[in-house]
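Below is one structure, written out as structure tokens; comments come after it.
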């Protein structure tokens, strides 16, 4: 018998016929179910592919929006930092002149060095290291770096105390 039913030996003919019909119906049912399952899997796979593409587009849009917001915030910060540095330099220059007139050369040179430092790299930031990956050794460090290597004045901080450091500075 081709169907999946197991028959006992010495089974009467009418019982065998009944089981043959049942076996055929079971085979048909299994084939129909297998076809329905395959159709569901195909449809689900197609829907999953479509949803993946939509999610990838949404993720790309979200990342683009975040990048725009980050760039706007960084530009705003850069503008404020440059303004504050210019103000500090403007306040230091008369003080430097005063020490120079008093013939206090060490103090004058120290102020001049500080002015140069403020103009070149006010935040002591290092070049952008790329994507930061925290390790067990760096979990307590705050890393400052230039967000734009050509500007060398816009700094970003990464680390557990970065928020506390920024809030104290503002």
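The values are calculated or read from the model by the stated rules, or taken from the named source; none is laboratory data. As the structure is a computational prediction, the values presented were derived from the model and not from experiment. Positions of Cβ are generated from backbone atoms using ideal geometry, with glycine treated the same way; all protein chains shown enter the neighbour counts.
Given 72, 134, which one is at pLDDT below 60 and out of contact with any helix residue (DSSP H, G or I) (no Cβ under 6 Å at 6 or more places or on another chain)?
Numbers: 72 fails: at pLDDT below 60.
Selected residue: 134, the only one of 72, 134 that is at pLDDT below 60 and out of contact with any helix residue (DSSP H, G or I) (no Cβ under 6 Å at 6 or more places or on another chain).
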Next on the checklist: Going by what's in this entry, would residue 78 be described as under 30 Å from residue 122 (Cα atoms), at pLDDT below 95, assigned to a helix (DSSP H, G or I) and within 38 Å of the chain's Cα centre (by Cα)?
Outcome noted: yes
Checklist entry - What is the one condition in (1) more than 30 Å from residue 123 (Cβ to Cβ); (2) modelled with pLDDT under 95 that residue 32 does not satisfy? => result (2)
Checklist entry - residue 118: touching a helix residue (DSSP H, G or I) at 6+ places or on another chain (Cβ under 9 Å) and either exposed (fewer than 15 other Cβ atoms within 10 Å of the Cβ) or modelled with pLDDT of 95 or more (or both), yes or no? => result no
Checklist outcome for this item: Going through segment 1-50 in order, the residues found to be surrounded by 10 or more Cβ atoms within 10 Å (Cβ to Cβ) and touching a helix residue (DSSP H, G or I) at 6+ places or on another chain (Cβ under 9 Å) are 1, 3, 5, 7, 11
